[in-house]
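The next block holds one structure in the form of structure tokens; read it before the comments.
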Amino acid sequence: MGLFSLPPAQSRADLNLDMFFGGNDGGKVQKKMRRVMPAEWFPQSAVQLTWPHENTDWAYMLQDVTACYVRMAFEIATREKLIIVAPDVASVKSLLEERLPRRATENITYVACPTNDTWARDHAFITVIGEKNPELLDYRFNGWGGKFEASLDNAINRRLFEEGIVGGEYKDCLDFELEGGSIESDGQGLLLTTSRCLLNDNRNASMTKEDIEQRLKTDLGVEKILWLNHGELSGDDTDAHVDTLARLCPDDTIVYVSCDDTEDPHYEELKKMEEELQAFRTQSGTPFRLIPVPLPDAIYDEDGLRLPATYANFLIMNMAVLYPTYAQPEKDEATRQALQRAFPKADLVGIDCRPLIRQHGSLHCATMQYPKGVVK
């Protein structure tokens, strides 16, 4: 495939992906060649991880979180290309060449770059499939509303582009704050997001809801935006990123977090969110197919504060779905079964994300996929 353009016709692999994901969404986007932010299940060229190190908030538990990243690296790199960003590339490469099989390590590209943290979902490029070239949209990441320093993370995208790791048309969107975890696209012009995040005064405070909607429509090729006004997890630094709550999936499906425990403090908000999802309609006017995943049992940090554990934070890959587990066998298995309904032909892989949740994130937050045509 070319670095700077998408092929005019589908390859055999693309057709297999269309069949795998229900036979419609991925193919429609590619055949129409419309300018749009692709769905996560659009054929991918690579996934990015930004590696934890001793100068991040992971320092006190670096061994545990590194083990989690090694597992993610294995599951990704044995399936598709993996980009790893790290200040000390040599040590990460040495570690992975010791721990992973050659079939994985040969699929990894390393990029040396200073970093503040590891949440690639929120500092990485957001890609739009343009009429001619992929468009790499570089938005400003302000540490989820100024909560954390993010200047180094904000420079990663430019490094990836200048070194030729990613290709396409670079788009400077640094006048607007937007994180990948805050938006979900179906690849057909529909976007799912939350008002608590995108309309928060700590992001784009001078803009109205109408201003933000217009910006998203212009930048991402969006025609319709669905706003969730309810749903938020205790301990969430992101101000209710949608990828912690509800995820768009193939065939007009939404996988969402559900709580049936009336004693849980999340119960009322998540029930209201469920009602919102039931009222949402696709662009053709039909209800979405809704598949619930359970809210994990409460997990607490060292100070006794509840952490934002969620099963909605899964990563869709080419022919596979990686999903978080939390050593809660019944709920881990219920999530696997729910995701099997959403992705009946997927290779489903659970990854213990208890280390990640200790810094208030999970599997999807730690990764960013790049669509076909972006990475060599």
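The values are calculated or read from the model by the stated rules, or taken from the named source; none is laboratory data. Worth saying up front: this structure is predicted, and the values here are computed from it rather than measured. In this analysis, Cβ positions are derived from the backbone assuming ideal geometry, glycine residues included, and neighbour counts consider all displayed protein chains. The protein model used for the area step is the full one, side chains on, heavy atoms only, and it has no ligands, DNA or RNA in it. Shrake-Rupley method; radii C 1.70, N 1.55, O 1.52, S 1.80 Å.
For region 105-128 and region 232-297, what is the separation of their Cα centres, given in Å?
Value for the Cα centre distance between the two parts: 28 Å.
Please list, ordered by chain and number, the residues whose modelled amide H lies under 5 Å from the amide H of Ile291; skip anything fewer than 5 residues away on the same chain.
Long-range HN contacts for Ile291: Ile254, Val255, Tyr256.
Using each residue's phi in region 89-95, evaluate 6.51 cos²θ - 1.76 cosθ + 1.60 at θ = phi - 60° and report the 3J(HN,Hα) Karplus result to the nearest Hz, with x for Gly and Pro.
5, 4, 6, 5, 4, 4, 4
Number of Lys-Lys pairs in region 134-279 under 28 Å by Cα, sequence gap 8 or more or different chains?
14
Would you mind checking which residues have amide H under 5 Å from Tyr300's amide H? H placed 1.01 Å from N; only 5 or more apart, or other chain.
Leu307
Mind checking the per residue accessible area of the chain for me, 1.4 Å probe, whole number of Å²?
39 Å²
Quantify, in whole percent, the carbon and sulfur part of the accessible surface of the chain (1.4 Å probe; protein heavy atoms only).
Of the solvent-accessible surface of the chain, carbon and sulfur hold 47 percent.
How high is the relative contact order of region 229-376, given as a whole-number percent (alpha carbon pairs under 8 Å, six or more residues apart)?
23 percent
Among DSSP beta bridges lying fully in the chain, give the percent that are antiparallel, nearest 5.
Approximately 40 percent, going by the DSSP bridge assignments.
Say we join alpha carbon atoms closer than 10 Å with springs in a Gaussian network model of the chain; which of Ala155, Ala346, Ala67 then has the biggest fluctuation?
Comparing Ala155, Ala346, Ala67 in a Gaussian network model of the chain, the most mobile one is Ala67.
Given the C-alpha centroids of region 148-188 and region 323-376, what is the distance between them in whole angstrom?
22 Å
Is region 119-193 best put as rounded, prolate or oblate by its Cα gyration tensor, with a ≥ b ≥ c the root eigenvalues, rounded for a/c under 1.5, and otherwise prolate when a/b is larger than b/c, oblate when not?
oblate
For Asp251, enumerate residues with amide H under 5 Å from its amide H, sequence gap 5+ or separate chain, H modeled in the peptide plane.
Correct list: Asp25.
How large is the Kirkwood hydrodynamic radius of the chain, counting all unique pairs of alpha carbons, in Å?
Evaluated on the chain, it is 20.6 Å.
Using θ = phi - 60° and the Karplus curve 6.51 cos²θ - 1.76 cosθ + 1.60, what whole-Hz ³J(HN,Hα) does each residue of region 67-74 get, with Gly and Pro shown as x?
For region 67-74, the Karplus curve yields 4, 5, 5, 4, 5, 4, 4, 4 Hz.
Which shape class applies to region 31-165: rounded if a/c is under 1.5, otherwise prolate when a/b exceeds b/c and oblate if not, where a ≥ b ≥ c are the square roots of the Cα gyration tensor eigenvalues?
Judged from the Cα gyration tensor, region 31-165 comes out oblate (a/c at least 1.5, b/c at or above a/b).
Net charge near Ile299, counting Lys/Arg +1 and Asp/Glu -1 over other residues with Cβ under 11 Å of its Cβ?
Every neighbour counted, the sum reads +1.
Where in region 42-119 are there GluC sites (Glu not before Pro) that are in a DSSP coil and have at most 15 other Cβ atoms within 10 angstrom of their Cβ?
Those satisfying the criteria are Glu54, Glu106.
Can you give the relative contact order of the chain as a percent, counting alpha carbon pairs under 8 Å and 6+ residues apart?
In percent, rounded to a whole number, it is 22.
With n ≥ 4 as the cut-off for DSSP H runs, can you work out [θ] at 222 nm for the chain, using -39500 (n - 2.57) per run divided by the number of residues, rounded to the nearest 500?
-8000 deg cm²/dmol
Students sometimes get this wrong: rank Lys372, Lys147, Lys331 by accessible area, probe 1.4 Å, all chains present, largest first.
Correct descending sequence by accessible area is Lys147, Lys331, Lys372.
Which GluC sites (Glu not before Pro) in region 211-284 pass both tests, a DSSP loop state and at most 16 other beta-carbon atoms within 10 Å?
Passing sites in region 211-284 are Glu223, Glu263.
If you filter region 138-184 for GluC sites (Glu not before Pro), then keep DSSP loop positions with at most 15 other Cβ within 10 Å, what is left?
Answer in residue order: Glu149, Glu163.
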